[in-house]
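Structure first, then comments.
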Amino acid sequence: LLSRFLGDGELESFLDGVRRHLEPDGRFAFDVWMPDVASLTAHVSESARFPDPRTGRATRCTERHIWDGRELRTEMTLTPAEDPDAEETLVMRFRLREDSEVVEAAKGAGFRVEHRTRSFSLSPEEEREPGDMSAYVLRAL
């Protein structure tokens, strides 16, 4: 979820809204995935045919990932089997944030990090590696 906020202001605004809805001294827990972009961008994946939920037509999905050093863009091209010229490309953009960026945004929105774990480890000191998850518990100030 947090990766969908591309700008720092968007993320802080979201976290500020979360804080305003919490009880005094409330907590907000979430996780952040840092994908291995080298693995994602190294190949194009193609699905088996499936019925498009909107049209019911047999469709194939081709997925490509493009990394520009700050954002990950995922392009999904839906191609109907009986009408390849009617393909449609959907684009999703994600901002991949380092742990330090998440912590700074949390502080800016009036939280302190009560707990952070990496890759479901109980040790918050370990550095995050590509493909890892970090889980956070923020406490409203």
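For segment 15-68, count all C-alpha to C-alpha pairs, find those more than 18 Å apart, and express that count as a whole percent of the total.
So the pairs more than 18 Å apart make up 63 percent of the total in segment 15-68.
In nanometres, what is the gap between the two model label sites at residue 115 and residue 52, each 7 Å from Cα along Cα-to-Cβ?
4.6
Anyone know which of 85, 52, 16 comes out most mobile in the 10 Å Cα GNM of the chain?
Of 85, 52, 16, the Gaussian network model singles out 85 as fluctuating most.
Let me spell out the model: positive unit charges on the Cβ of Lys and Arg, negative unit charges on the Cβ of Asp and Glu, origin at the Cα centre of segment 1-83. What dipole size does that give, in debye rounded to 20?
On the way: 11 positive and 16 negative charges, 52 e Å.
The calculation lands at about 260 debye.
With r defined as the distance between the Cβ atoms of residue 14 and residue 86 and R0 fixed at 25 Å, what FRET efficiency is calculated, to the nearest 0.05?
Details: r = 36 Å, r/R0 = 1.45.
The value I calculate is 0.10.
How do 115, 43, 65, 21 stack up against each other in accessible area, from largest to smallest, with a 1.4 angstrom probe?
On the way: 115 80, 43 100, 65 30, 21 150 Å².
Result, largest first: 21, 43, 115, 65.
Looking only at 87, 12, 63, which one moves most when the chain is put into a Gaussian network model with springs between Cα atoms under 10 Å?
Residue with maximal mean-square fluctuation among 87, 12, 63: 87.
Using only DSSP helix segments of four residues or longer, with each worth -39500 (n - 2.57), what per-residue ellipticity at 222 nm results for the chain after dividing by its residue count and rounding to 500?
Working: 3 runs with 29 residues, N = 141.
Mean residue ellipticity at 222 nm (helix-derived): -6000 deg cm²/dmol.
Based on the Kirkwood radius over alpha-carbon pairs, what value in µm²/s does the Stokes-Einstein equation return for the translational diffusion coefficient of the chain at 10 °C and 1.306 mPa s? The partial results should precede the final answer.
Numbers: Rh = 17.3 Å.
Answer from the Stokes-Einstein relation: 92 µm²/s.
Given the Cα-Cα distance of residue 45 and residue 31 and 0.36 nm per residue of separation, how much length would full extension add, in nm?
Working it through step by step, the gained length comes to 2.5 nm.
Nearest 20 debye, what's the magnitude of the dipole of the chain about its Cα centre given +1 on Lys and Arg Cβ and -1 on Asp and Glu Cβ?
400
Picking from 48, 74, 89, whose Cα lies most toward the positive end of the charge dipole for segment 1-108 (charges on Cβ: Lys, Arg +1; Asp, Glu -1)?
Toward the positive end, the furthest listed residue is 48.
What percent does the relative contact order of segment 36-103 come to when contacts are Cα pairs within less than 8 Å and at least six residues apart?
Values: 111 pairs, mean separation 15.7, N = 68.
The value is 23 percent.
The values are calculated or read from the model by the stated rules, or taken from the named source; none is laboratory data. Note that the structure is a prediction, hence the values are computed from the model and not measured. Glycine also receives a Cβ, built like all others from the backbone with ideal geometry; neighbour counts cover every protein chain displayed. With ligands, DNA and RNA removed, areas are computed over all heavy atoms of the protein, side chains included. Shrake-Rupley method; radii C 1.70, N 1.55, O 1.52, S 1.80 Å.
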